[in-house]
Amino acid sequence: MANLIFPSDFEWGAATAAYQIEGAAAEDGKGKSIWDTFTHQKGNILNNDTGDIACDHYHRYQEDIALMKEIGLDTYRFSISWPRVLPAGKGKVNQKGIDFYKRLVNQLLEAGIKPAATLYHWDLPEQLQLKGGWENRDTIYYFQEYAELMYSELGDLVPRWITHNEPFVVSMVGNLFGEHAPGYQDYNKALQVAHNLLVSHGLAVDSFRESGIKGEIGITLNLNHVYAKTDSKEDQQAKDYCDAFNNRWFLDPVFKAKYPTKLLALYQDKFGGFEIETGDMEIISREIDFLGINYYSRAVVEYAEDELLKHKTIKPEQAIYTAMNWEVYPDGLRDLLIRLNKEYTDKEIFITENGAAFADQLAADGQVHDQPRVDYLREHFKAAYQAIEAGVPLAGYYVWSLLDNFEWAFGYSKRFGIIHVDYQNQQQRTLKDSAKMFKQVIADNGLTD
Ligand code: BGC
């Protein structure tokens, strides 16, 4: 392999989310989120795990920052827990919550690590859910107020902001598939939630511009490149539907101020549609500074007559699968990046999440030899490099995740971290082989022989 050296200003980082790592679920005045409620209802989460303690990062953030420094991260992406700073979602501010994020951000800066803050990584204040949650249009404006609070508290310290993490997952997995909080299975609800999330994104961008703070703002979408099983007309149609449902439903409004026509017509016909107010599409499509994408795998689909969206996902044989049963397919990352640049944006793109869960174990030598993750990451770095070579303005890459953590419906059973967390043994952290490999990649700014 020839050396693959990335652009000199390329940023290497790692990502986490508040509910997945912080713990301290009821400490220092934090309000409840929908995830606190959902995890405490028996049967929702594997082994009935909760994020009550998680990685105890709320108390161990200094140790975690020291580990980030040891790996050599340029940047760290974390999320702010809305109910930690606004326990009821609006109104009274919890100063202790604000202080925590200030301490975190200041220490990151001291360590020479650029903070990137996500405003919403799924932990809606429970009090707002009781008023209808994201389905209620008022939540859009409460989100804007919360964003404004954070800009004014942290705006001079945080140079990169992400409004939402994965509106697809929030709307569809939480409100259509029912696997995530708040746990509904209702198409109308899911569509309204998706729309309201996008409007709230646009308003948070407006407030960011008005605040005059320096820095950049964007949104993170989870996208998977879709491939048809065959070239047949039917399978191509299946691919088109799947892409519209997963990807274009979010990309088109943000970049083109419209929903995919065919799918919108189908939804209107089938479910009577959802409320779009005058001016919403303009708000959603406000200019952003970068696009964040989370990429884990691709989708391969074939035509399915009986499905509403005419497709069914298939699992290619002879592929490697992660512990999530997701196919390892690095070329999909390259293809996706090239497509986004060609069809949607010539702005900077960040890979805000990429990584894999494997059944890691602490070995007798006290180390974690996670060779499958080392291979996964290196292959995805190569794909990212190829996209840059093809002209994509890819500006950075955040590995998911810094730490093993609470993996939503799967609880602690899935480990995505490049740092192992021993939950049974005082939360002890151990750099896995993948973290050591990443350290070398960062030091070399790429892959060397
Ligand atoms: C989310 C993370 C999650 C990861 C792995 C993404 O959907 O943003 O919170 O842990 O994927 O499932």
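The values are calculated or read from the model by the stated rules, or taken from the named source; none is laboratory data. Keep in mind that what you see is a predicted model, and the values were worked out from it rather than measured. With ideal geometry, Cβ positions are generated from the backbone for all residues, glycine too; neighbour counts draw on all protein chains shown. Note: accessible area is taken over every heavy atom of the protein model, side chains too, but ligands, DNA and RNA are not part of it. Shrake-Rupley method; radii C 1.70, N 1.55, O 1.52, S 1.80 Å.
Work through the residues other than G178 whose Cβ is under 12 Å from its Cβ and net out their charges, Lys, Arg +1 and Asp, Glu -1.
Here the charged neighbours net out to -1.
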Can you report the principal axis dimensions of the stretch 118-188 using only the alpha carbons, biggest first, rounded to whole angstrom? 41, 22, 17
With the radius of gyration and the Kirkwood radius both derived from the Cα set of the stretch 103-146, what is their ratio Rg to Rh? 1.19
Each residue of the stretch 313-326 in order: what ³J(HN,Hα) in whole Hz does its phi give by Karplus 6.51 cos²θ - 1.76 cosθ + 1.60, θ = phi - 60°, with x for Gly and Pro? 7, 10, 9, x, 7, 6, 10, 8, 10, 7, 5, 8, 6, 9
Spin-label pair A443/E145, simplified geometry with 7 Å Cα→Cβ offset, distance in nm: 5.1 nm
Taking the Cα centroid of the stretch 334-350 and of the stretch 203-281, what is the distance between the two, rounded to the nearest whole Å? 15 Å
Once both label points are put 7 Å beyond Cα along the C-beta direction, the M1-K233 separation in nm becomes 4.4 nm
Length-normalised contact order of the chain in % [C-alpha pairs under 8 Å, at least 6 apart]: 19 percent
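Give K214/K258; K189/K315; K239/K439; K414/K439 a once-over and call out the pairs whose C-alpha atoms are over 31 Å from each other.
Violating the 31 Å limit, Cα to Cα: K239/K439.
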Measuring from the lowest to the highest alpha carbon on each principal axis, how far does the stretch 4-447 reach, largest first, in angstroms? 57, 53, 45
Burial ranking of peptide ranges 347-359, 182-194 (average Cβ count within 10 Å, highest at the top): 347-359, 182-194
Only Cα pairs under 8 Å and at least 6 apart count here; give the relative contact order of the stretch 168-228 as a rounded whole percent. 24 percent
Give K32/K96; K96/K432; K69/K436 a once-over and call out the pairs whose C-alpha atoms are over 23 Å from each other. K96/K432
For every other residue with a beta carbon closer than 10 angstrom to the beta carbon of H121, add +1 if it is Lys or Arg and -1 if Asp or Glu, then tell me the sum. -1
When you take every Cα atom in the stretch 1-122, what is the radius of gyration, and what is Dmax, the widest Cα pair distance, in Å? 16.5, 57
Sorting check: for 263-272, 76-85, which peptide has the highest mean count of neighbouring beta carbons within 10 Å, and how do the rest follow? 76-85, 263-272
Return the calculated 222 nm mean residue ellipticity for the chain, to the nearest 500 deg cm²/dmol, obtained by summing -39500 (n - 2.57) across DSSP H runs with n ≥ 4 and dividing by the residue count. -11500 deg cm²/dmol
If you restrict to DSSP beta bridges whose two residues both lie in the stretch 4-447, what percentage is antiparallel, to the nearest 5? 25 percent
Provide the packing ranking of 241-247, 219-225, i.e. peptides ordered by the mean count of other C-beta atoms within 10 Å per residue, highest first. 219-225, 241-247
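Given N residues in the stretch 41-177, what is Rg(Cα) / (2.2 N^0.38 Å)?
That works out to 1.12 for the stretch 41-177.
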What is the spin-label model distance, in nm, from A304 to K270 if the labels are put 7 Å beyond Cα along the C-beta direction? 1.2 nm
Rounded to the nearest Å, the spacing of the alpha-carbon centers of the stretch 55-105 and the stretch 134-194 is 19 Å
Using a 1.4 Å probe, what is the accessible area per residue for the chain, in Å²? 38 Å²
